[in-house]
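Peer 1: First the structure, then my questions, so here it is.
The values are calculated or read from the model by the stated rules, or taken from the named source; none is laboratory data. Values in this document were obtained by computation on a predicted structure and should not be read as measured data. Here Cβ is always computed from backbone atoms with ideal geometry, including for glycine, and neighbour counts include all displayed protein chains. Keep in mind that these areas ignore ligands, DNA and RNA; they rest on the heavy atoms of the full protein, side chains included. Shrake-Rupley method; radii C 1.70, N 1.55, O 1.52, S 1.80 Å.
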Amino acid sequence: MPLIKILNKNDIKVFNSPPGFNADERKRFFYLPKWASEMVKSFRTPTNKIGFVLQLGYFKATDRFFTARKFYQGDIELIAKQFGVSLSEIDFENYKERSFIRHQELILKNTGVQKFNQKTRDILENEAQHLCSKQIKPRLMFLSLVCFLREKKIEIPGYHTFLEIITDSLRNFEKILITSIEENLSLEEKQLLDGLLEFGDEYQAGDKQETKLKRYKITLLKKSNQSTRPSKIKENIRDLQCLESLFQEIKPIIGKLNLSSELIQYYAQVVIKSRVFQITRREKRRYLLLIAFVAYQYYRLNDVLIEVLMHSVKNKFNTIEREHKENFYNQRQERQKFLNTFSKKVRDHLGTIKSAKVILHNQALSADEKVDNLMTVFSEDLDKSSSSIEEHLNKIGQESRRITKNADYYDLIESSSIKLQNRASEIVKNLHFNHDTSNEDILKAIEYYRQKEGKLVNNAPIEFLETEEQELVFDEDGKLKVSLYKVLLFSKMADGIRSGALNLKYSYKYRAFDDYLISQKFWETNKEELLRKAGLLEMKDFSKVESLLKEMLRDQFKITNENIIQGINKYATFNKDGELTVKTPKQEKDLPETDIDIFPSNRFISLFEVLTTANRACRFTDCFEHWQVKHNREKPADKTFFAGTIGYGCNLGIRKTAKISRNINPHELENTINWYFTHDNIVRANDKILGFLDQLQLLRLFKRNMDITHTSSDGQKYSIGVDSLNANYSYKYFGKGKGVSVYSFIDESHRLFYSTVINPAEREASYVIDGLMHNDVVQSDIHSTDTHGYSEMVFAITHLLGISFAPRIKGFRDQQLYSFESPSAFKALGYKILPQKRINTKIIQEQWDNILRLITTIKLKETTASQLFKRLSSYSRQHPLYRALKQFG
């Protein structure tokens, strides 16, 4: 059977050839340690001496051995000169095989590296099988295996060995899966899955009549609606119900296969990208593909529907709060009129009482005269006035109680609940929540709601509500306000999802926080190895980390204060009240005058020429690999990739790009976009260009320090005109429309190395670590953001990752400073910049093992940092790990 293509011819040649050293590298790698120097002296022939040094130098650089015929002449001449050997004395034809292999064994023995033999090959094959479970692309698998051998201090073999191992591993792994499916999948389950490849009925409303369309069922399930309109939500619910019936049938098989989320996503995407006939004719893989598709789409649709629920609840409550404020404002005149009337009646009443008091204290009047006068004062009008005042007081009391309980607000919720019920009711009935990690009170209410199918009565659970809300959901007769109860239930569900009190059972985004970390059992068993892989072994003992941090923080307070006191820092001063004032110096940018025109005379350069030139320099199109590891055709021409890049980058669309482009086949362009333009491929192509730019001398002129890479990130808002759960309102940026925020990362050489699209209402701090970790080309030493991009947790994580975090915080003087020591200790030293709070090291120490598990998960890229951040941040003060990270940051 043919071997899988992993590297192109040029990359294979580079891998199988000795490394090309520059002058500095030759000095470093061909330097002989003491053991090697003594050994070389014992060799009799100049050829053996030179051959040994060359093999040792190349091995130190690559952990590989190369044949003598591939040795570079420049390296031979340099070493011969060092040993005072004439080139005529060197004859690698006489570098006998026995000496060649014996030298390799000596190098392996003295460097502590194991020889690549059958035993170590078995170790490599086991690692390849493990990587297959994550369905890593062959190229990345190849690179991972090379790194694995280096970590294990095992000799790296030739390219062909890797090719055989990777090919056999992928084939055997899939063969085992298919065999297991054949053994466990019943005939009825096969028929259910085959039903996805049959025609289904879809009705599309026309202007005058309904037209019946025939489409495959699986085609209808490939995409979910991002709209919050009730009709679109119902379509998603129908898809969810269809997928759930299939998922529950194949769930035991998924458990037996032990399919990882990466593997499920890979096979599911093959189905999504393929046409039905392509799936049908793959008899051996068909059920594996369909099982992965059902599981993947079911999980994704759960995420989509819970996001629809949260968006709907948020929009509804925003509308209610706005209407409540408007109503309260509009009723101000009526309330003021009522209070003025009441005030007048009270003043008149008090005037009457005052007159009566004067009569009673008048000594000139007899008792009978006083009674007559009082009878005149206390006429019938007074009784009416008293009754009116009492009535007004009762109204004021009722209104006061309603305001205290916010009754008007809840009345408004109840009166406008139908729209939210239309969106949320079916979602609540069809989602499954994790009973082990969710709040029991709200789960009890959700289960009751599902059992009653939304037809609620007085015995509905109310424990999940606040005390005041428990009273308000019943009217004066003790009857349940069903509409109000439902809205409050939906609201508590949305809050529970955000806070981690409610977790989905089948989800990628909304599971319990601990589900995203390395499992506790695996962590306890392999802690040392995991910490070593993550480079965190030195941080295992918190007491050592604490003492180091104490010293660093103490020194920083000292340096900062002494610079201000001694006048070294001229920009930081204190006003009369002792408040810190910082002045930003104005920087003049002097542009050098020159008569040389450094720009080309032709001001317009086509994008095709730009892409062609860039590709000629770094071959970024080589990074576009077919989604499928196997069963792919000949790779399209470079021009097709250029057309796709221009179509997407200029927002022209694929069809329009194909029409306006010469010699571009529309079908081929669409197929290329479908199979090659994946997120991973695009990131790798961008990294290829970034790596080439790093070699240019021009970009180094922008760097202040050649040993430090300073990066920054910020978001840019864009309006969109389609339904998206990632979009939100922001009048400042989008007016009455919706939009998204593109969060981008750049370094001081102006290399854009990462970007992601997020909701504009989300805090950017959750995505800072993603950009710093998910890039292998730009390694940041210092990272800056604005106020929106910082949090205490980001400070903590970046420090543990070895990155200095330097955000530009607005109103930084209002921020609190922390220290390990008491603020009074610094005040006694005469410092003006003082900490306000002391760091609670006890909670950090208690959670140190979990902190290391979190950082290891991020560094080993087991899940995205933003996912961990969003789930952890939602817990707020309830989660001890959140509080520990906040203290550490």
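Peer 1: Looking at the range 1-106, what helices (runs of 4 or more DSSP H) fall wholly within it and have at least 1 residues that are basic (Lys, Arg) and surrounded by 13 or more Cβ atoms within 10 Å (Cβ to Cβ)?
Peer 2: Working: elements: 9-15, 23-29, 34-42, 46-62, 73-83.
In the range 1-106, the matching helices (runs of 4 or more DSSP H) lie at 23-29, 46-62.
Peer 1: Can you pull out every residue in the range 440-487 that is small (Gly, Ala, Ser) and on the phi > 0 side of the Ramachandran plot? Can you show your working first?
Peer 2: Let us first name the residues in the range 440-487 that are small (Gly, Ala, Ser), namely 445, 454, 460, 478, 483.
Those that are small (Gly, Ala, Ser) and on the phi > 0 side of the Ramachandran plot: 454, 478.
Peer 1: Residues that are open to solvent by less than 10 Å² (accessible area, probe 1.4 Å) and touching a Gly at 6+ places or on another chain (Cβ under 9 Å): list the helices (runs of 4 or more DSSP H) wholly contained in the range 412-531 that include at least 2 such residues.
Peer 2: Of the helices (runs of 4 or more DSSP H) lying wholly inside the range 412-531, none has at least 2 residues that are open to solvent by less than 10 Å² (accessible area, probe 1.4 Å) and touching a Gly at 6+ places or on another chain (Cβ under 9 Å).
Peer 1: With the requirement that a residue be under 30 Å from residue 218 (Cβ atoms), of a type outside the set (Phe, Trp, Tyr) and either over 36 Å from the mean Cα position of the chain (by Cα) or open to solvent by 20 Å² or more (accessible area, probe 1.4 Å) (or both), what does the range 155-173 give you?
Peer 2: Those that are under 30 Å from residue 218 (Cβ atoms), of a type outside the set (Phe, Trp, Tyr) and either over 36 Å from the mean Cα position of the chain (by Cα) or open to solvent by 20 Å² or more (accessible area, probe 1.4 Å) (or both): 171, 172.
Peer 1: Right, another one. Pairs needed: first member in the range 651-668, free of Cβ contacts under 8 Å to residues at least 60 places away in the same chain; second member anywhere, aliphatic (A, V, I, L, M) and open to solvent by 70 Å² or more (accessible area, probe 1.4 Å); C-beta distance under 9 Å; at least 6 residues apart or different chains.
Peer 2: 652/660
Peer 1: Same structure, new question: Looking at the range 787-803, which of its residues are out of contact with any strand residue (DSSP E or B) (no Cβ under 8 Å at 6 or more places or on another chain) and more than 22 Å from residue 814 (Cβ to Cβ)?
Peer 2: Within the range 787-803, 797, 800, 801, 802 meet the criteria.
Peer 1: I'd like to know if the range 860-868 contains one or more residues that are modelled with pLDDT of 80 or more and touching a helix residue (DSSP H, G or I) at 6+ places or on another chain (Cβ under 7 Å).
Peer 2: Yes, the range 860-868 has at least one match.
Peer 1: Mind checking which pairs have a first residue in the range 216-243 that is farther than 22 Å from residue 279 by Cβ and a second that is open to solvent by 50 Å² or more (accessible area, probe 1.4 Å), Cβ under 6 Å, 6 or more apart or different chains?
Peer 2: Final answer for the pair search is 225/232; 225/235; 226/723; 227/723; 230/422; 230/423; 233/423; 237/426.
Peer 1: Got a sec? Which of 809, 797 is outside any loop (DSSP other than H, G, I, E, B) and touching a residue at least 12 places away in the same chain (Cβ under 8 Å)?
Peer 2: Among 809, 797, only 797 is outside any loop (DSSP other than H, G, I, E, B) and touching a residue at least 12 places away in the same chain (Cβ under 8 Å).
Peer 1: Now a separate question. Is there a residue in the range 309-325 that is under 17 Å from residue 217 (Cβ atoms), open to solvent by 20 Å² or more (accessible area, probe 1.4 Å) and hydroxyl-bearing (Ser, Thr, Tyr)?
Peer 2: Here is the first cut: in the range 309-325, the ones under 17 Å from residue 217 (Cβ atoms) are none.
No, the range 309-325 has no match at all.
Peer 1: Are any residues in the range 646-679 open to solvent by 20 Å² or more (accessible area, probe 1.4 Å), over 30 Å from residue 775 (Cβ atoms) and small (Gly, Ala, Ser), and if so, which ones?
Peer 2: Answer for the range 646-679, where residues must be open to solvent by 20 Å² or more (accessible area, probe 1.4 Å), over 30 Å from residue 775 (Cβ atoms) and small (Gly, Ala, Ser): just 661.
Peer 1: Something else about it: If I ask for residues that are closer than 14 Å to residue 480 by Cα and touching a strand residue (DSSP E or B) at 6+ places or on another chain (Cβ under 9 Å), which ones from the range 405-463 would you list?
Peer 2: 456, 457, 458, 459, 460, 462
Peer 1: Considering only the range 693-704, state which residues are assigned to a loop (DSSP other than H, G, I, E, B) and open to solvent by less than 100 Å² (accessible area, probe 1.4 Å). Don't jump to the end; show me each part of the working.
Peer 2: Start the filter on the range 693-704 by keeping residues that are assigned to a loop (DSSP other than H, G, I, E, B), which leaves 694-696, 701-704.
Matches in the range 693-704: 694, 696, 703.
Peer 1: Another one. Please determine, by comparing only the residues of the range 196-247 that are among the charged types (D, E, K, R) and more than 22 Å from residue 304 (Cα to Cα), which one is modelled with the lowest pLDDT. Lay out the reasoning, then the answer.
Peer 2: From the range 196-247, those among the charged types (D, E, K, R) are 198, 201-202, 207-208, 210, 212, 214-215, 217, 222-223, 229, 232, 234-235, 238-239, 244; that's our starting set.
Adding the requirement that they be more than 22 Å from residue 304 (Cα to Cα) leaves 198, 201, 207-208, 210, 212, 214-215.
Values: 198: 86, 201: 59, 207: 42, 208: 37, 210: 43, 212: 48, 214: 69, 215: 80.
Out of the qualifying residues, it is 208.
Peer 1: Search the range 841-860 for residues that are of a type in the set (A, V, I, L, M, F, W, C) and pair each with any residue that is open to solvent by less than 10 Å² (accessible area, probe 1.4 Å) and not in a helix (DSSP H, G or I) when their beta-carbon atoms are under 8 Å apart and the residues are at least 6 apart or on different chains.
Peer 2: Sorted first by the residue in the range 841-860, then by its partner, the pairs are 852/536; 855/536.
Peer 1: Next question, about the same structure. Of the residues 859, 870, 827, which is charged (D, E, K, R), open to solvent by 70 Å² or more (accessible area, probe 1.4 Å) and under 30 Å from residue 144 (Cα atoms)?
Peer 2: Answer to the check: 870.
Peer 1: Can you pull out the residues in the range 813-838 that are free of Cβ contacts under 8 Å to residues at least 12 places away in the same chain and assigned to a helix (DSSP H, G or I)?
Peer 2: 814, 824, 825, 827
Peer 1: Could you list all residues from the range 246-265 that are within 16 Å of residue 222 (Cα to Cα) and of a type in the set (S, T, N, Q)?
Peer 2: Step one: of the range 246-265, the residues within 16 Å of residue 222 (Cα to Cα) are 246-247, 264-265.
Selection gives 265 alone.
Peer 1: Being in contact with a Ser or Thr (Cβ under 6 Å, 6 or more places away or on another chain), open to solvent by less than 30 Å² (accessible area, probe 1.4 Å), of a type in the set (S, T, N, Q) and not in a loop (DSSP other than H, G, I, E, B): is that true of residue 744 here?
Peer 2: No; evaluated as a whole, the condition is false for this residue.
Peer 1: Mind checking which residues of the range 705-731 are of a type in the set (A, V, I, L, M, F, W, C) and surrounded by 12 or more Cβ atoms within 10 Å (Cβ to Cβ)?
Peer 2: Within the range 705-731, 708, 720, 725, 727 meet the criteria.
Peer 1: Right, another one. Look through the range 546-582, keep the residues that are within 30 Å of residue 860 (Cβ to Cβ) and free of Cβ contacts under 8 Å to residues at least 12 places away in the same chain, and return whichever of them is least open to solvent (accessible area, probe 1.4 Å).
Peer 2: 547
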